[in-house]
Amino acid sequence: MSTVVIDGAHIAAGDGTEYEDGHIVAADGVVTRVGAGPAPEARGARRIDGRGCLATPGLVNTHHHLYQWATQGMFADATLFEWLTGSYELWRRLDARTVHETTTAGTAWLALSGCTTASDHHYVFPREAGAMVAAEVEAARAVGIRLDLARGSMDRGRSAGGLPPDSVTETFQGALTATEAAVDAHHDPAFGAMTRVAVAPCSPFTVSRELMAASAELARAKGVRLHTHLAETRDEEEQCRAEFGAAPVDYAEQLGWLGEDVWLAHAVHLSDGAIARVADTGTGVAHCPSSNARLGAGICRTPELLRAGTAVGLGVDGPASSELTGLAGEMRQAVLMARARSGPRALSARQALHMATLGGARCLGRQAEIGSIETGKLADIALWRIDGFGHDAIDDPVVALVFGPQARLEHLLVGGSAVVEGGELRTVSADSAAAAGRRAHRRITAREGTR
Ligand SMILES: [Zn+2]
């Protein structure tokens, strides 16, 4: 039995409980004790000195596109539809090798910024690209964070009135068959799974009505979750109304796309009625504030969603629309945007931390496993240094983490195993992960004939 003890940290357990000078004990990957004061004697345990640190649950990223590591910084001043149209021309070059490289870079970066579980929405499957899903799963395993892979799809290319070029789309049947195969090959329903798979057609403007409906049926037959982009921009809403005669949330509901097994990325443009439908059906929302600001999409009504009881998690979204790609920054951004829109009491630092942890766990259906430091849950824990320059004049540790400068991540445990130790990645080399990301970027953005 392997035991880990963290002593002397301020603990924000994620379930609303805090201990000023507390301890955490984990055995065989599961929390066995959390409380105030020093830890009891545990012979043979690995001890982590938590003094000067804030311990939080490992952060949960509910929406990402890891492959976009390769196209960061492009189309920096574009609208979503312009940005997508330009990006598709680069993404059509994706293959399994590139996905392995971008997953290595992206998950390593997430680990170094305190994330222990990430959902990755991958929806670009060019023909002849090779085994991209397997490559992604393998790379994330090596880095050692949990991957909830949302297997995306697009079947509405330009010839069918959609936005993407036909070369990056799949056929209706091809997408369904490949998605089912991804679930069969990689979805692990067991407690503490390192890999889960969700069914995740991309968005209403890239996916046919038939594929949206059939995807919901497939997910329910397989007992896995459903994810998609919805209500991100005004352009999307206008297109949805013109084409389907319904606002995005109504369209989703018609297709069986609201429910406790669904979480939606963005949900920026929601009417009061749509918020009520999302909340009443138990549908989750992945709030991606930096991406929404970077693309000028709008500001999600998070205070209203939270008041209605919706599970709201945070997502950094793809690094091509949110180059900062860290959840601590997203907590801050979520607070600032909510307050800019709705006043000083719209969202607190602790509500932001809750979204980044337990709210995200609820979106992914993992609230019994992760999202809070509680006895019986997985020992997925981030330890942030908050006693240095920039934080040491802020008395409240949670305010220091959310409002202060980016805190140094001292340790990151995933199921009790050290992924980051002393600020260094322990599973793969950070230098080689960065090099993999650079290679992918250069290859994908190289002009034709220079690759
Ligand atoms: Zn997205």
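No lab work stands behind these numbers, since they all come straight from the coordinates. It should be emphasised that the depicted structure is a prediction, and the values quoted were computed from it without experimental measurement. Using ideal geometry, Cβ is built from the backbone for each residue, glycine included, and neighbour counts are taken over all protein chains shown.
Tell me whether segment 59-363 comes out rounded, prolate or oblate; compute the Cα gyration tensor, take square roots of the eigenvalues as a ≥ b ≥ c, and use a/c under 1.5 as the rounded threshold. The shape class here is rounded. Rounded, prolate or oblate: which fits segment 108-236 when a ≥ b ≥ c are the square roots of the eigenvalues of the alpha-carbon gyration tensor, with rounded for a/c under 1.5 and prolate only if a/b beats b/c? Prolate. Give a quick list of GluC sites (Glu not before Pro) in segment 381-451 that DSSP marks as loop, anything other than H, G, I, E or B, with at most 12 other Cβ atoms within 10 Å. Answer by residue number: Glu448.
Working ranking of peptides 269-281, 46-58, 130-142 by packing, defined as the average number of other Cβ atoms within 10 Å per residue, highest first, is 46-58, 130-142, 269-281. Per-residue Cβ neighbour counts within 10 Å put Lys222, Lys377 in the sequence Lys222, Lys377, beginning with the fewest.
Between the beta carbons of Arg43 and Ala142, assuming R0 = 45 Å, the FRET efficiency works out to 0.90 to the nearest 0.05.
Take every pair of alpha-carbon atoms less than 8 Å apart whose residues are at least six positions apart; their mean separation over the length of the chain yields a relative contact order of 21 percent.
Sorting Ser167, Ser321 from the fewest to the most surrounding beta carbons within 10 angstrom yields Ser167, Ser321.
Working from Cα pairs under 8 Å separated by at least six residues, relative contact order for segment 87-206 is 28 percent.
For the listed peptides 394-404, 111-121, a ranking on the average number of other beta carbons within 10 Å per residue, highest first, reads 111-121, 394-404. Exposure proxy for Met355, Met154, Met337, Met74: other Cβ atoms within 10 Å of each Cβ, ordered fewest to most, give Met74, Met337, Met154, Met355.
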